[in-house]
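A quick write-up on the structure given underneath.
The values are calculated or read from the model by the stated rules, or taken from the named source; none is laboratory data. Computed from a prediction, not measured in an experiment: that's the story for all the values here. Glycine also receives a Cβ, built like all others from the backbone with ideal geometry; neighbour counts cover every protein chain displayed.
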Amino acid sequence: MDFSGNIALAFDLDDTLYDERDYARACIANVARHCAEAFGSDAIRLEADMLAAPNPYDGLHGTIGDKLPIDAFLKIYRATEPASLPLREDARRLLEVLARCPHIPVYLITDGRCHGQYAKINALGITDLFTPERIIISEAIGFDKHTPMPFVTAMARENRHSGWYYIGDNLAKDFYWPRRLGWSTFMVTDRGRNVHPQPPLKNIAPEYRPDFVIDSLDYLTSQICQSLSLQV
Ligand SMILES: [Mg+2]
């Protein structure tokens with residue numbers, strides 16, 4: 001695969017660059033800490049109860065009942081700012097190579113609330129790798145990846161119509177619109193840790209499938225290094 005031309009890359013965030021469940025765990029720990037302070041609850045037990053339940057609020061409710069109503073729970077959960085989150089190792093290697101290629105525009109295109117998505121970006125320590133106008137969050141633009149708008153926004157900001165690549169994990173929304181817009185798409189396979197399950201491709205309508213499936217972002221790192229004659 002040749003990446004030596006005029007290209008632009010855009011990444012999904014959750015379960016592409018890091019494991020979203022690590023963020024969910026940080027939010028759960030934050031809620032448990034709050035309950036320990038406010039109600040004298042046992043934070044370790046609450047954390048375990050929330051992790052064991054199919055949905056964390058049910059686990060919490062089972063132990064402390066109505067002490068923390070769902071809206072208060074959501075407020076604390078969504079306000080969580082983890083001190084740090086681990087970037088996937090293959091993502092770190094790829095982003096380090098891209099940081100050495102300033103001619104390649106690199107975008108983040110992610111669905112979610114601005115506060116939460118920026119909290120993740122800060123905790124991952126990748127703030128410096130993406131210029132602010134190259135971070136596109138659905139809440140900020142008012143459209144998510146079920147519409148063409150996040151991708152069209154990137155194309156307009158870069159004033160570039162071709163040579164785009166999107167790298168994501170979610171078959172419901174990461175590949176349909178970019179492909180319709182002429183982008184090439186890569187799906188990173190679930191290593192068993194994703195929050196959203198990745199159904200077998202044969203069960204997915206062809207227009208929702210990615211162009212390429214990769215087990216690791218290291219594939220892109222090696223292809224980019226080869227195309228640009230860079231040392232890894
Ligand atoms: Mg994702």
(request) Kindly provide the set of residues from the range 47-73 that are free of Cβ contacts under 8 Å to residues at least 12 places away in the same chain and loosely packed, with under 15 Cβ neighbours inside 10 Å, ordered by number. (result) 52, 54, 55, 58, 65, 66, 69, 71, 72
(message) Which residue is farthest from residue 96 (Cα to Cα), if the candidates are limited to the range 206-220 and must be assigned to a loop (DSSP other than H, G, I, E, B) and acidic (Asp, Glu)?
(response) 211
(request) Would you check which residues across the range 185-197 are more than 13 Å from residue 13 (Cβ to Cβ) and buried (at least 19 other Cβ atoms within 10 Å of the Cβ) and list them? (result) 185, 186, 187
(message) Pairs please, first residue from the range 122-140 and free of Cβ contacts under 8 Å to residues at least 12 places away in the same chain, second anywhere and assigned to a helix (DSSP H, G or I) and not basic (Lys, Arg), Cβ atoms under 6 Å, 6+ apart in sequence or on different chains.
(response) 127/121
(request) Check residue 171 against each of (1) in a loop (DSSP other than H, G, I, E, B); (2) aliphatic (A, V, I, L, M); (3) farther than 16 Å from residue 213 by Cβ and name the one condition it does not meet. (result) (3)
(message) Residue under question is residue 23, and the condition is that it be modelled with pLDDT of 95 or more, within 20 Å of residue 217 (Cβ to Cβ) and assigned to a helix (DSSP H, G or I); does it hold?
(response) yes
(message) Within the range 174-190, does at least one residue satisfy the condition of being at pLDDT below 95 and either among the basic types (Lys, Arg) or within 14 Å of the ligand (Cβ to nearest atom) (or both)?
(response) yes
